[in-house]
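Worksheet: one structure, shown below.
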Amino acid sequence: MNEKQDSYEALKLKNQLCFPLYVCSKEIVRGYTPYLKPVGLTYTQYITMMVLWEEKRITVGELGHRLYLDSGTLTPLLRKLEAAGYLVRERSEEDERVVEIRVTEEGMALREQVKDIPHRLGRNIMCGAGLTDEEVGQLYALLYKVIKGTEEGTGNDE
């Protein structure tokens with residue numbers, strides 16, 4: 001193979017690490033739909049509620065940071081969850097520029113309806129893929145290593 005052909009090898013889909021990551025992510029998120037649709041949540045709303053169940057109160061900025069979402073994505077999502085009665089947005093008493101989100105009693109009750117989803121979905125996906133518990137742990141650690149690397153900007157040629 002000549003040098004010109006070699007330079008195009010990187011453009012083949014089969015040589016892209018990002019592609020199987022993209023497909024896995026898309027398919028896993030799609031797998032949540034039958035579990036979340038009955039309770040009226042999208043996957044992004046679900047992970048938002050997961051943070052609220054854990055924290056009870058959080059600023060919009062911190063929530064965006066935790067979920068890797070910008071305010072343009074987060075604002076309409078929070079409006080819908082607030083309209084459903086699952087959370088309340090309030091200005092911070094310390095700094096009125098900061099908006100805090102607080103989970104409501106209805107939001108906490110929703111947790112009971114979805115508490116089995118992680119186990120049910122995880123079992124279906126990981127068992128279906130034939131992964132052992134050890135492999136699942138390795139995959140988890142590797143993905144968070146990649147996330148950390150992207151946050152720190154490792155691998156940038158610039």
field: With DNA, RNA and ligands ignored, accessible area of residue 57 (1.4 Å probe; Å², nearest 10)
entry: 100
- prompt: When all protein chains stay in place, what accessible area (Å², nearest 10, 1.4 Å probe) is found for residue 71?
  reply: 80
- request: Classify segment 5-45 as rounded, prolate or oblate from the Cα gyration tensor: take a ≥ b ≥ c as the square roots of its eigenvalues, call it rounded if a/c is under 1.5, otherwise prolate when a/b beats b/c and oblate if not.
  value: prolate
message: As an exercise, identify the GluC sites (Glu not before Pro) in segment 90-128 lying in DSSP coil whose Cβ has no more than 11 other Cβ atoms within 10 Å.
response: 93, 94, 96
- prompt: So which of 26/115; 12/37; 14/80; 115/148; 26/80 end up more than 31 Å apart by C-alpha?
  reply: 12/37; 14/80
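Restricting to Cα pairs below 8 Å that are 6+ residues apart, what does the relative contact order work out to for the chain? Please round to a whole percent.
It rounds to 17 percent for the chain.
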Among [x] 125; [y] 385; [z] 172, the entry that matches volume of the Cα convex hull per residue in Å³ as calculated here: [z]
task: Take 78, 67, 131, 17 and sort them by solvent-accessible surface of the protein heavy atoms, 1.4 Å probe, largest at the top.
output: 17, 131, 67, 78
statement: With only helices counted (DSSP H, runs n ≥ 4, each -39500 (n - 2.57)), the per-residue ellipticity at 222 nm for the chain, to the nearest 500, works out to -20500 deg cm²/dmol
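The values are calculated or read from the model by the stated rules, or taken from the named source; none is laboratory data. Everything quoted here is computed from the prediction, not taken from an experiment. In this analysis, Cβ positions are derived from the backbone assuming ideal geometry, glycine residues included, and neighbour counts consider all displayed protein chains. All accessible areas refer to the heavy atoms of the entire protein, side chains included, with ligands and DNA or RNA removed. Shrake-Rupley method; radii C 1.70, N 1.55, O 1.52, S 1.80 Å.
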